[in-house]
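Since the structure comes first, as structure tokens, the remarks are kept for the end.
The values are calculated or read from the model by the stated rules, or taken from the named source; none is laboratory data. Just so you know, these numbers come straight off a predicted model, no measurement behind them. Cβ placement follows ideal geometry from the backbone for every residue including glycine, while neighbour counts extend to all protein chains displayed.
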Amino acid sequence: MGVTCVSQMPVAEGKSVQQTVELLTRKLEMLGAEKQGTFCVDCETYHTAASTLGSQGQAGKLMYVMHNSEYPLSCFALFENGPCLAADTNFDVLMVKLKGFFQSAKASKIETRGTRYQYCDFLVKVGTVTMGPSARGISVEVEYGPCVVASDCWSLLLEFLQSFLGSHTPGAPAVFGNRHDAVYSPADTMVQYMELFNKIRKQQQVPVAGIR
Amino acid sequence: MSGVRAVRISIESACEKQVQEVGLDGTETYLQPLSMSQNLARLAQRIDFSQGSGSEEEEAAGADGDAQDWAGAGSSADQDDEEGLVKFQPSLWPWDSVRNNLRSALTEMCVLYDVLSIVRDKKFMTLDPVSQDALPPKQNPQTLQLISKKKSLAGAAQILLKGAERLAKSVTENQENKLQRDFNSELLRLRQHWKLRKVGDKILGDLSYRSAGSLFPHHGTFEVIKNTDIDLDKKIPEDYCPLDVQIPSDLEGSAYIKVSIQKQAPDIGDLGTVNLFKRPLPKSKPGSPHWQTKLEAAQNVLLCKEIFAQLSREAVQIKSQIPHIVVKNQIISQPFPSLQLSISLCHSSNDKKSQKSATEKQSPEDHLYVLEHNLHLLIREFHKQTLSSIMMPHPASAPFGHKRMRLSGPQAFDKNEINSIQSSEGLLEKIIKQAKHIFLRSRTAATIDSLASRIEDPQIQAHWSNINDVYESSVKVLITSQGYEQICKSIQLQLNIGVEQIRVVHRDGRVITLSHQEQELQDFLLSQMSQHQVHAVQQLAKVMGWQVLSFSNHVGLGPIESIGNASAITVASPNGDYAISVRNGPESGSKIMVQFPRNQCKDIPKSDVLQDSKWNHLRGPFKEVQWNKMEGRNFVYKMELLMSALSPCLL
């Protein structure tokens, strides 16, 4: 368990998502990173059912239920800017029971899949973000294992990110600033993924809506 | 005649008993009255038969008097009176009865007279002295007394016998009751330590570790027997216990797991014939009853069997480069090349035969008790694991498995953490790892010790840590010179001995990994020792005020060492006149050269270039020091002497 930074890698000009991913992974392999299987993070959106909404007409909050192959026995449920719940995988069954309160948004499933690389203490995951059948973007996750305090190792992470992302190195994730000197938890990773997915969804939604 | 005599009749009181004596206090002692026969005898003695028969009258009077006497005190004075009257008036009718009586008395007297007269002649009749007849009546009461005494004694004896019988009965009953009570109290005590249940009229107990999480299929039941039918008359043996237990025959005796490491593989013919040398049964604790020790021994046998069964199952299942061999009661594995670990189940029953053979074939003690103990620990851990996985209470929504597994979801454990929880290393793998570690540790210790005893000059000290893990232990190795411990502290090695390899952490942070081969460690230590000497010179130079001109741990010049590299140092004296150069190799040993000032060397040919006298202060050629001829107990001391000899006298 370490500190993780999740960022988005823009698709290189004149190249497909697949090609960009290949470019990145080749760079990593050149660095000497070791391939260690695959990874998968998925996210499903639920909105609160109309019947349970208050009479004041408040807008229903969105809830995201996520899974991460890094935490195979866990299931995460998050609200935007809200609390994050880590539960065991039986939570999915519970969500089915809670149909009356939370309804699954149709075709909202978004996930990222890719290869997991180990480079000394760093764990790098480069994945393709897909929503339905189409690839929408590239996610890059870097985890530094030996440290649990984000502020202590951010510069190290940044330096490492720069080594293979080059100019696309992201800024410090928002979750790092939330709690200064606090122990980093897996939920923070999921929050970053949620934000990433939301960003990608919004980016893509505009043109999609235009087409419709 | 009676009419003439005025008869005065004295009336005596009817004192039946004659007074024999009157005591001073007035008490009278009586004589016993004579009985009838005694009286007669007395009277008869009085008769003077020698007198001839007198007149009738006399005779009658005598008879009368006799009769009077004979009648005793019972006849009253009236009778005398009447007698007189009868004689006086014979025809008086009212006295007829008296007359008749008298007549009959007379008749009888006549008969008596006749008899007596006949007796007197002693022809037809004789009289025995009457006094002799008095004896039988005297004896009679004695016999009677005897008989009655006998009878009463018999009665008393009978009562006593009856009582005794009753007592004996009650005593035996008591004893039986006591035995019964003892059995119950023993059963209660047994119940406190062992699981018991009643099946039919039997009491069965449970020896198995099933309740502790064991999955061994042996039923492990024992039977509780009441042991009350002993002979009460005989002395009860001291270790008698009314409760006895019967354990299954295959759990009898004593058993243990023998773990040993042998250097070379034995012949295949020897496999599976591990000597069952018997260990003395553990002495029962003074307070505990004998069934406790019996049951504990049986339970131990059961546990040993379970351990062995588990190990042999794993030995067959686990695929390893060199397959584990399971033969009879032995499991053989090869942790390192030419080294074999054998784990065997030694079970000796109590019969004489096996004991005898055991004492004959006492095997050498290569038993690793630590590993045996650890095997027991491991199986218990295994039990605990199976127990905790099914342990209730358990959240209804959570998946089955032990608690950490259950928490791994909500606590978002990552893959590595989950893997560490799920480590499904078997008993055999663990014990082999432990055996490897133990072997590696002992071999390291032996290597260090042999080096320390072989090489004296740089001294090796090994500080073993007391507390270590089953898979890792550490030792701190210091290389010092005697007498210079304070200044020569450069070589401090921390050896972390693992399962397969030894990690050496140098003082400066270098980490070197050595394999299990002892030669590697030995070579490494030798090269460190040689470096130590050069380091020591450097330290000494600092203390002595000499200047270090050059220093190298690994010299690239000179003869090549087979182990490591030679190291070298050159130091110059404080005023710069002299220089000492030391080269020390692990194999070639040390070579010490001294450089003299040019002006002290006579054999140097005058150079054409160095004409000026100032060049004489340049140092000249090196000369080797015959180091073994130097005085001093060790290298550093010799070096100190050399340095001080070459230093200028400051005074």
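The selection criterion, being over 22 Å from B:LYS415 (Cβ atoms) and part of a strand (DSSP E or B), holds for A:ARG136. Under 22 Å from B:PHE216 (Cβ atoms) and either among the hydroxyl-bearing types (Ser, Thr, Tyr) or modelled with pLDDT under 80 (or both), is that true of B:SER354? So B:SER354 does not fit the description; no. Within the range B:159-200, being in a helix (DSSP H, G or I) and either touching a residue at least 24 places away in the same chain (Cβ under 8 Å) or among the aromatic types (Phe, Trp, Tyr) (or both) holds for B:THR172, B:GLN175, B:GLU176, B:LEU179, B:GLN180, B:ASP182, B:PHE183, B:GLU186, B:LEU187, B:ARG189, B:LEU190, B:HIS193. The single condition from (1) free of Cβ contacts under 8 Å to residues at least 24 places away in the same chain; (2) in a strand (DSSP E or B) that B:GLN411 fails is (2). Does the range B:166-189 include one or more residues that are of a type outside the set (D, E, K, R) and more than 30 Å from B:VAL224 (Cβ to Cβ)? Checked against the condition, which is being of a type outside the set (D, E, K, R) and more than 30 Å from B:VAL224 (Cβ to Cβ), the range B:166-189 yields at least one hit. Checking each residue in the range A:73-99 for being assigned to a loop (DSSP other than H, G, I, E, B) and facing another protein chain (nearest Cβ under 8 Å) picks out A:LEU73, A:THR89, A:ASN90.
Against the condition of a type in the set (Gly, Ala, Ser), within 14 Å of chain A (Cβ to nearest Cβ), on the phi < 0 side of the Ramachandran plot and surrounded by fewer than 16 Cβ atoms within 10 Å (Cβ to Cβ), how does B:SER450 come out, does it pass?
Taking the combined requirement at face value, the residue does not satisfy it.
Residues that are within 13 Å of another protein chain (Cβ to nearest Cβ) and in a helix (DSSP H, G or I) were ranked within the range B:419-435; the one that is surrounded by the most Cβ atoms within 10 Å (Cβ to Cβ) is B:ILE421.
Can you confirm whether A:SER151 is outside any loop (DSSP other than H, G, I, E, B) and loosely packed, with under 13 Cβ neighbours inside 10 Å?
No.
Residue check: A:PRO146 meets all listed conditions (1) modelled with pLDDT of 80 or more; (2) more than 14 Å from chain B (Cβ to nearest Cβ) but one, namely (2).
Search the range B:369-413 for residues being of a type in the set (Phe, Trp, Tyr) and exposed (fewer than 14 other Cβ atoms within 10 Å of the Cβ), and hand back the single one that is nearest to the other protein chains (Cβ to nearest Cβ). Of everything passing the filter in the range B:369-413, B:PHE400 is nearest to the other protein chains (Cβ to nearest Cβ). Return yes when B:GLU520 is surrounded by fewer than 20 Cβ atoms within 10 Å (Cβ to Cβ) and at pLDDT below 90 and no when it is not. Spelling it out, it is not the case that B:GLU520 is surrounded by fewer than 20 Cβ atoms within 10 Å (Cβ to Cβ) and at pLDDT below 90. In this entry, B:ASN416 passes the filter for residues that are within 14 Å of chain A (Cβ to nearest Cβ), surrounded by fewer than 17 Cβ atoms within 10 Å (Cβ to Cβ) and not acidic (Asp, Glu).
The one condition from (1) without any contact (Cβ under 8 Å) to a residue 24 or more places away in the chain; (2) more than 30 Å from B:TYR637 (Cα to Cα); (3) acidic (Asp, Glu) that B:GLU429 does not meet is (1). B:ALA445: small (Gly, Ala, Ser) and closer than 25 Å to B:LEU378 by Cβ, yes or no? So B:ALA445 passes the test.
For the range B:453-475, the count of residues that are over 22 Å from B:VAL594 (Cα atoms), under 45 Å from the mean Cα position of the chain (by Cα) and part of a helix (DSSP H, G or I) is nonzero.
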